[in-house]
Amino acid sequence: MSLPGNLLITPRAFVRRHVLSRVVDLPSPLAGRTVMITGASSGIGEAAAHAVAARGAHVLLVARRTDELERVRDEVVAAGGAASAYPADLTDGDSVDALVAAVLAEHGSVDMLVNNAGRSIRRSLEYSYDRMHDFERTMAVNYFGPVRLTLGLLPAMRAQKFGHVVNVVTWGVQIKAPRFAAYIASKTALDSFARIAGREAYADNVTFTNIRLSLVRTGMIAATDAYDRSPARTPEQAAAWVVRALEDRPLTISTAVGSIAEVLNLVAPRLMDAVAWVGSSRFPDSSAARGER
Ligand SMILES: NC(=O)c1ccc[n+]([C@@H]2O[C@H](COP(=O)([O-])OP(=O)(O)OC[C@H]3O[C@@H](n4cnc5c(N)ncnc54)[C@H](OP(=O)(O)O)[C@@H]3O)[C@@H](O)[C@H]2O)c1
């Protein structure tokens, strides 16, 4: 679905998408680019790696599980794409610094970065009073890791006067769903970081997109029984959003539900508190979140 955030693309992307591509068969702007994708060992990142490589980019795959990362790399290469695997742990500062050093030494710069690796926690505050580590762990992987990686790659992007950073966040930053305080706060931090970084890097032609995704059927949501019958996108559909974000460089990509919730949270916040409370009480914490298994 095309939404307001999708229209906020760069002028060059607008002309290519809405004018030139209607009259000539243009190559993807990803052709020949170096694109780093974190969390590429499964789910959305894996699907995005295939989709981005199919458009002619060299994909640099990042995650912790070396075996899975090498499997994805081999599958991309077998399909005719270019891919390299870089095992790294985004919650470990030394690991991120080593990743940045290795990639810059081998490639000079990264043209585009997809901060996709992440971790979700769904647990009420009621079961979180003695679980400060939930908040620390989500911030480590969803905020500090991508920020450290972005800071490492940004100077080379700014020097070459081209770069784009895509953050895979969640529609939760707009909806502010109960039971997701740790997860949504960490994704909101990254969302805000990108908006401000984009303003500072504006003159250097380095841009940022926040993708505020709804549910996607991956391993991440498998543990939550409440999602078994919920509508969800496929990883391939989510990957198409990543490609769109890289090609058109919009400020945000959102769902209609997320955008409407964002507006309602602004104009009627107390009403939305009540609606969210009623809605979330239909989907209690899982037994795992309650600490029962
Ligand atoms: N699924 C959804 O409904 C949904 C909705 C909105 C947003 N998202 C976001 O989409 C992104 C991808 O999630 P997914 O649904 O595709 O789940 P997934 O299949 O569990 O993928 C998560 C990826 O992150 C990597 N990762 C986790 N911790 C890491 C660390 N410390 N260092 C490096 N890599 C790490 C994992 O690889 P390793 O384990 O190999 O490290 C894995 O490749 C996440 O940021 C998530 O918050 C998902």
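Descriptive notes on the structure:
- V52 vs. criteria surrounded by 15 or more Cβ atoms within 10 Å (Cβ to Cβ), in contact with a Ser or Thr (Cβ under 6 Å, 6 or more places away or on another chain) and either part of a helix (DSSP H, G or I) or touching a residue at least 40 places away in the same chain (Cβ under 8 Å) (or both): no
- Options A276, A240, A261, A245; residue that is surrounded by 20 or more Cβ atoms within 10 Å (Cβ to Cβ) and either in contact with a helix residue (DSSP H, G or I) (Cβ under 9 Å, 6 or more places away or on another chain) or outside any helix (DSSP H, G or I) (or both): A261
- Summed over region 171-203, the residues that are away from the ligand (no atom under 15 Å from the Cβ) and open to solvent by 60 Å² or more (accessible area, probe 1.4 Å) give a count of 6.
- Annotation note: of T252, T224, the sole residue that is polar (S, T, N, Q), touching a residue at least 12 places away in the same chain (Cβ under 8 Å) and more than 10 Å from the ligand (Cβ to nearest atom) is T252.
- Filtering region 227-237 to residues that are surrounded by 13 or more Cβ atoms within 10 Å (Cβ to Cβ), more than 10 Å from the ligand (Cβ to nearest atom) and not polar (S, T, N, Q) leaves only E236.
One line per residue, one yes/no per condition, for (1) in contact with a Lys or Arg (Cβ under 8 Å, 6 or more places away or on another chain); (2) open to solvent by less than 40 Å² (accessible area, probe 1.4 Å); (3) part of a helix (DSSP H, G or I); (4) hydroxyl-bearing (S, T, Y):
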{"site": "E68", "(1), (2), (3), (4)": "no, no, yes, no"}
{"site": "G80", "(1), (2), (3), (4)": "no, no, no, no"}
{"site": "Y86", "(1), (2), (3), (4)": "no, yes, no, yes"}
{"site": "L99", "(1), (2), (3), (4)": "no, yes, yes, no"}
{"site": "V103", "(1), (2), (3), (4)": "no, yes, yes, no"}
{"site": "L113", "(1), (2), (3), (4)": "no, yes, no, no"}
{"site": "R119", "(1), (2), (3), (4)": "yes, no, no, no"}
{"site": "F135", "(1), (2), (3), (4)": "no, no, yes, no"}
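- Subset of region 142-170 [under 23 Å from P29 (Cβ atoms), open to solvent by 20 Å² or more (accessible area, probe 1.4 Å) and within 16 Å of the ligand (Cβ to nearest atom)]: none
- Residue match in region 29-44 (condition: in contact with a Gly (Cβ under 8 Å, 6 or more places away or on another chain), more than 21 Å from R249 (Cβ to Cβ) and not aromatic (F, W, Y)): yes
- Test: residue in region 204-219 that is of a type in the set (A, V, I, L, M, F, W, C), in contact with a helix residue (DSSP H, G or I) (Cβ under 9 Å, 6 or more places away or on another chain), open to solvent by less than 30 Å² (accessible area, probe 1.4 Å) and away from the ligand (no atom under 14 Å from the Cβ): yes
- Top-ranked residue in region 55-66 [being open to solvent by 10 Å² or more (accessible area, probe 1.4 Å), at negative phi and part of a loop (DSSP other than H, G, I, E, B); ranked as farthest from the ligand (Cβ to nearest atom)]: R55
- Residue check, A40 within 11 Å of the ligand (Cβ to nearest atom), among the hydrophobic types (A, V, I, L, M, F, W, C), part of a loop (DSSP other than H, G, I, E, B) and touching a residue at least 40 places away in the same chain (Cβ under 8 Å): yes
- Only one of the listed residues (V103, V110) is among the hydrophobic types (A, V, I, L, M, F, W, C) and either within 30 Å of V278 (Cα to Cα) or within 19 Å of the chain's Cα centre (by Cα) (or both). That residue is V110.
The values are calculated or read from the model by the stated rules, or taken from the named source; none is laboratory data. Predicted model only: the values in this text are computed from it and were never measured. Reconstructed Cβ throughout: ideal geometry from the backbone, glycine too, with neighbour counts over all protein chains shown. Remember, those area values only see protein heavy atoms, side chains included, never the ligands or the DNA or RNA. Shrake-Rupley method; radii C 1.70, N 1.55, O 1.52, S 1.80 Å.
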